[in-house]
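Below: the structure, in structure tokens.
Since every read-out is calculated from the coordinates, none of them should be taken as a lab result. Because the structure is a prediction, the values reported are computed rather than measured. Positions of Cβ are backbone-derived with ideal geometry, glycine not excepted, and every protein chain shown enters the neighbour counts.
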Amino acid sequence: MASPSLLKSSPVLDKSEFVKGQTLLRQPNSASARCIPNAAPSSLSIRASSYADELVKTAKTIASPGRGILAMDESNATCGKRLASIGLENTEANRQAYRTLLVTAPGLGQYISGAILFEETLYQSTIDGKKMVDVLVEQNIVPGIKVDKVNRIPYFYLNSGLCQLNWRTVVSIPNGPSALAVKEAAWGLARYAAISQDNGLVPIVEPEILLDGEHSIDRTFEVAQKVWAEVFFYLAENNVTFEGILLKPSMVTPGAESKDKATPEQVADYTLKLLRRRIPPAVPGIMFLSGGQSEVEATLNLNAMNQAPNPWHVSFSYARALQNTCLKTWGGLPENVKAAQETLLIRAKANSLAQLGKYTAEGESEEAKKGMFVKGYSY
Ligand code: 13P
């Protein structure tokens, strides 16, 4: 990877053309300054290049060996479905209790480098009255939120304690996808990534090709090649610094309703072929979503991709595949919190081992092997 000093003078670090010439006010105690200890105070007039070092360091911190992201960014409606599955009402107090359980799991930061929150959690305290974001930072976990659901531009979050922002765009294979739909998805992701970087926040770029459909793994591969080509074309057009982003794609698998099932080795072969063809090695981390795979399946697939060294950190940003058995173990009962946290740590450790290519599925529970695909699922 190029050194930060080379990056600073690189022409691709010019501020995104859309905001060139604008002067943005920024407080010295800004979010990005808190992401990296001892960051120099920023001047009032900023350009993307002022944040290049911080962006690269934050992205690298998240993409550190044996660690990945806990996605806990379910919108209130989706969180409600999760709570309903264990017989709980969708109240703020129940969402708070569940998220408190997740962020306070002892030692979580050993396996988890970043957490993606929903906006409600950003401003929420744990049941003991500590800010959730502060608990994450104490656990050595970089906090971020999803922004595709809350319609806020990234600089709204400058002083919120966040260091990364996640934007998800979905692509449906059974619905086409048309060339125009792919272009639109890619352009939107690239604009958001440029604006995030201009404001010192690491964008997590998430072009999610949905599992829905009966198509073959070859068809997924074909669509993914088009989507990722467009995404990286527009990221480059928007002067996005590749060293300061994280990619969060889906793995290349057959459609969830296909009669064919792929082995972890087949998923790894197709997905790595796609990564090599489309993702520049400058990108520090590829953090896969689980998309409805079972917990064990998602871990096995990740493990298969890490059997030989890769130019990028190939890791996880799972929601369902980290939380499912934890949620079931909790069941909404305070006396189960400890056991549920242990279950979360088991999954986090399993995926940490998979990131290092050292996981075996020995001793995994039946619950962890259950698929979680839901047709037409939305976050
Ligand atoms: P899943 O791992 O459940 O697909 O969720 C990942 C995600 O995109 C949430 O932001």
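What FRET efficiency, computed as 1/(1 + (r/R0)^6) with R0 = 35 Å and r the Cβ-Cβ distance, is obtained for GLU214 and GLU89, rounded to the nearest 0.05?
Values: r = 36 Å, r/R0 = 1.04.
Plugging the Cβ-Cβ distance into 1/(1 + (r/R0)^6) gives 0.45.
Translational D (Stokes-Einstein, µm²/s) of the stretch 270-379 at 20 °C and 1.002 mPa s when Rh comes from the Kirkwood sum over C-alpha pairs?
Numbers: Rh = 14.8 Å.
Answer, rounded: 145 µm²/s.
Taking each residue as 0.36 nm, the span from LYS370 to LYS261 lengthens on full extension beyond its C-alpha to C-alpha distance by 37.8 nm. Roughly what percent of Cα-Cα pairs across the stretch 298-349 reach past 13 Å? Counting pairs separated by more than 13 Å, the tail of P(r) holds 61 percent. The alpha carbon centroids of the stretch 165-182 and the stretch 63-81 are separated by 21 Å. Counted by Cβ distance under 10 Å from GLY66, the other residues give a net charge of +3, where Lys and Arg count +1 and Asp and Glu count -1. List residues of the stretch 254-290, by number, whose backbone nitrogen lies under 14 Å from a label position 7 Å along Cα→C-beta of PHE221. The answer is 254-255, 262-263, 265-278, whose backbone nitrogens lie closer than 14 Å to the label point. For TYR318, the residues whose amide H sits under 5 Å from its own are ILE69, ALA71, ignoring neighbours fewer than 5 places away on the same chain, with H placed 1.01 Å from N. Mind scanning LYS60/LYS183; LYS259/LYS370; LYS57/LYS338 and naming the pairs with a C-alpha gap bigger than 25 Å? Beyond 25 Å: LYS60/LYS183; LYS57/LYS338.
If R₀ is 22 angstrom, what is the calculated FRET efficiency for the pair ASN310 and SER64, using the beta carbon separation as r and rounding to 0.05? Walk me through the numbers before you get to the answer.
On the way: r = 14 Å, r/R0 = 0.66.
E(calc), rounded to 0.05, equals 0.95.
If the segment from GLU342 to LEU180 were pulled out straight at 0.36 nm per residue, it would be longer than the present Cα-Cα gap by 53.7 nm.
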